[in-house]
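Just so it is clear, none of the values below were taken in a lab; they were calculated from the coordinates. Note that the structure is predicted; figures quoted are calculated from it, not measured. Heads up, the Cβs are rebuilt from the backbone with ideal geometry, glycines too, and the neighbour counts pull from every protein chain shown.
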Amino acid sequence: MRSRFSAFALADAAYLLATWHPSTRPESLELDASTRWYRLDVLRTERGGPLDRDGVVAFDAYYRSPDGAGVQHEVSAFRRDDGRWFYVAEN
């Protein structure tokens, strides 16, 4: 989750797509260059440990845009395939 937030902060669409599960991954991803992501607060996690195949992360991601500051609250599902974690979808 933290690496994906960092990818949003750096506008690294290629990394975001590479860490998106193939079953839900879009063909392409366009990020808004005028939005600056600057803080991530992980609120809770469910599963996602070394022996788990899936997990859930609830978080707040803070940003600034031309319209002002804001926060995006999300609860995201992740799945591990072949030892790698992938973002699946917002719960």
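Over the chain, with a Gaussian network built from C-alpha contacts below 10 Å, which listed residue (ASP67, ASP54, ASP12) shows the highest mean-square fluctuation?
Looking only at ASP67, ASP54, ASP12, the biggest GNM fluctuation is shown by ASP67.
Give me the compactness ratio for the chain, meaning the Cα radius of gyration over 2.2 N^0.38 Å.
1.10
Would you please give the residues with an amide H less than 5 Å from that of ASP54, counting only those at least 5 places away or on a separate chain, with H modeled from the backbone geometry?
GLY48, ARG80
Using the Cα centre of the chain as the reference point, and only Cβ charges (+1 on K/R, -1 on D/E), how large is the resulting charge dipole? Debye, rounded to the nearest 20.
Here the size comes out at about 280 debye.
So what is the calculated 222 nm ellipticity per residue for the chain, using -39500 (n - 2.57) for each DSSP H run with n of 4 or more, over all residues, to the nearest 500 deg cm²/dmol? Don't skip to the answer; put the middle values down first.
On the way: 2 runs with 15 residues, N = 91.
The helix-only estimate for the chain comes to -4500 deg cm²/dmol at 222 nm.
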